[in-house]
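Chemist: Dropping the structure in here first, questions after.
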Amino acid sequence: MSRIILTDIEGTTSAIDFVHRVLFPYSRAALPDFVRTHANNPAVQSEIAAVRAELGGNANLEQVIATLLEWIDADRKATPLKALQGLIWDVGYQTGAFTAHVYIDAYDQLRSWHQAGMPLYVYSSGSIAAQKLFFRYSVFGNLLPWFSGHFDTTSGGKREAESYRRIAAALQQPAEAILFLSDVEAELDAARGAGMKTAQICRADAPPISTGGHPVHATFRTILPG
Ligand SMILES: CSCCC(=O)C(=O)COP(=O)(O)O
Ligand SMILES: [Mg+2]
C-alpha cells in the first residue's frame, strides 16, 4: 500500500506545452538582462559561479549568459540554470504574465488525496523555489498548501535510482511506500530501481511516449495508490 505520492510536474500534473511554450521562452527572453542586473546579488552570484566552474573557471559574464541560453535551448536540467529560471519566473507570476497550467484531473485527484490525508511531494527538475511558485500561482489558485515537501536536482538527476533512494531516506520511509508519477519511462525505471511504486501518465495532448512495464494512466482519475 502506497502511503505517499511523489509527482513530476511537466507532462504529469501539467502540460509540456505550458513549460516549453510559456515558461522556457519567458526565461530565455529575460535571462540576459536579469543576470547582468543582478550579477552582484548573492543568490545570482553563486549560480554564475557554478556555471563558470563548469566552463573551466575563466568565463566572463557574457560567456556565462550565452551558456545558460544554450542550456535552455537544449533543455538541460542543470541546477544553476534551474535556480536562475526560478528567480526569473517569480517576476512573471507576480506580474500576472502567466499562471501555471495544471490538468483538471490532477487538480481534482491531488485535492482528494490531500483531503484523505495522503502526503503529497513533488520531484521535478525545476528548482524547489520554481515548484513552489508553480503551485502557488496555478490556474486553480494556490495549491501549495497541499504539498508536504519538494525535491529537485539537488537530490540528483531524475533518471538515477540513487536520487529516489535519497528521497525515500529524506522522507524516512521505505521506498515501496512511495508512488512516483511521471510521464517519462526512464524516470519511472529509476524510481522502480530504487524500490518505489510507479505510474506512468500518458496525456492525450502530449507527443507519444515510450511505455513499458509501468501501469499507464491517461489522467490522474484512474490512479489508485496501493
Ligand atoms: C517547476 S516548473 C518548471 C519545470 C522545469 O523547469 C523542468 O525542467 C521540467 O522538469 P520536470 O522534471 O517537471 O519534467
Ligand atoms: Mg515530466
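The values are calculated or read from the model by the stated rules, or taken from the named source; none is laboratory data. Every value quoted in this text rests on a predicted model; they were computed, and no experiment measured them. Counting neighbours? That spans all protein chains shown, and the Cβs are built from the backbone with ideal geometry, glycine included.
Chemist: Does A161 satisfy being closer than 23 Å to D108 by Cβ, in contact with a Gly (Cβ under 7 Å, 6 or more places away or on another chain) and not polar (S, T, N, Q)?
Modeler: On the way: closer than 23 Å to D108 by Cβ: no; in contact with a Gly (Cβ under 7 Å, 6 or more places away or on another chain): yes; not polar (S, T, N, Q): yes.
No: the conditions fail for A161.
Chemist: Being part of a loop (DSSP other than H, G, I, E, B) and over 28 Å from R36 (Cβ atoms) is the filter here, so list the residues in region 111-132 that pass it. Please lay out each step first, then the result.
Modeler: Residues of region 111-132 part of a loop (DSSP other than H, G, I, E, B): 116-119, 124-127.
A116, G117, M118, P119, listed by residue number.
Chemist: What do you reckon, is A50 touching a Pro at 6+ places or on another chain (Cβ under 7 Å), modelled with pLDDT of 95 or more, not acidic (D, E) and not assigned by TED's automatic domain parsing to the domain that holds Q131?
Modeler: Details: touching a Pro at 6+ places or on another chain (Cβ under 7 Å): yes; modelled with pLDDT of 95 or more: yes; not acidic (D, E): yes; not assigned by TED's automatic domain parsing to the domain that holds Q131: yes.
In short, yes.
Chemist: I would also like to ask the following. Across region 1-59, what is the number of residues that are more than 12 Å from ligand 1 (Cβ to nearest atom) and not charged (D, E, K, R)?
Modeler: Summing the residues that are more than 12 Å from ligand 1 (Cβ to nearest atom) and not charged (D, E, K, R) in region 1-59 gives 31.
Chemist: Tally time: how many residues in region 14-34 are within 12 Å of G86 (Cα to Cα) and β-branched (V, I, T)?
Modeler: 0
Chemist: So which of I48, I16, I9 is within 16 Å of ligand 2 (Cβ to nearest atom) and either surrounded by 19 or more Cβ atoms within 10 Å (Cβ to Cβ) or over 30 Å from F140 (Cβ atoms) (or both)? Write out each step before concluding.
Modeler: Details: I48 fails: within 16 Å of ligand 2 (Cβ to nearest atom); I16 fails: either surrounded by 19 or more Cβ atoms within 10 Å (Cβ to Cβ) or over 30 Å from F140 (Cβ atoms) (or both).
Residue meeting the stated conditions: I9.
Chemist: Going by the structure shown, is Q45 out of contact with any Pro (no Cβ under 7 Å at 6 or more places or on another chain) and either free of Cβ contacts under 8 Å to residues at least 24 places away in the same chain or among the basic types (K, R) (or both)?
Modeler: Details: out of contact with any Pro (no Cβ under 7 Å at 6 or more places or on another chain): yes; either free of Cβ contacts under 8 Å to residues at least 24 places away in the same chain or among the basic types (K, R) (or both): yes.
Criteria met by Q45.
Chemist: Report yes if some residue within region 7-22 is in contact with a helix residue (DSSP H, G or I) (Cβ under 9 Å, 6 or more places away or on another chain) and assigned to a helix (DSSP H, G or I); otherwise report no.
Modeler: There is at least one residue in region 7-22 that is in contact with a helix residue (DSSP H, G or I) (Cβ under 9 Å, 6 or more places away or on another chain) and assigned to a helix (DSSP H, G or I).
Chemist: Just a yes or no: is a residue in region 71-81 within 16 Å of ligand 2 (Cβ to nearest atom) and surrounded by 17 or more Cβ atoms within 10 Å (Cβ to Cβ)? So that I can check it myself, show each step before the final result.
Modeler: Within region 71-81, the first condition is being within 16 Å of ligand 2 (Cβ to nearest atom), and the residues that meet it are 75-77.
So of that shortlist, the ones also surrounded by 17 or more Cβ atoms within 10 Å (Cβ to Cβ) come out as none.
No, region 71-81 has no match at all.
Chemist: Every residue in region 180-213 that is among the β-branched types (V, I, T) and part of a loop (DSSP other than H, G, I, E, B), please. I'd like the intermediate steps shown before the answer.
Modeler: Quick first cut of region 180-213, residues among the β-branched types (V, I, T) only: 184, 198, 201, 209, 211.
Hits for region 180-213 are V184, I209, T211.
Chemist: Are any residues in region 187-226 exposed (fewer than 13 other Cβ atoms within 10 Å of the Cβ), within 16 Å of ligand 1 (Cβ to nearest atom) and of a type outside the set (D, E, K, R), and if so, which ones?
Modeler: Result: P207, S210.
Chemist: Moving on. From D90, D108, grab the single residue that is part of a helix (DSSP H, G or I), away from ligand 1 (no atom under 11 Å from the Cβ) and under 17 Å from the mean Cα position of the chain (by Cα). Give the steps one after another, and end with the answer.
Modeler: Values: D108 fails: under 17 Å from the mean Cα position of the chain (by Cα).
Of the residues listed, the single one that is part of a helix (DSSP H, G or I), away from ligand 1 (no atom under 11 Å from the Cβ) and under 17 Å from the mean Cα position of the chain (by Cα) is D90.
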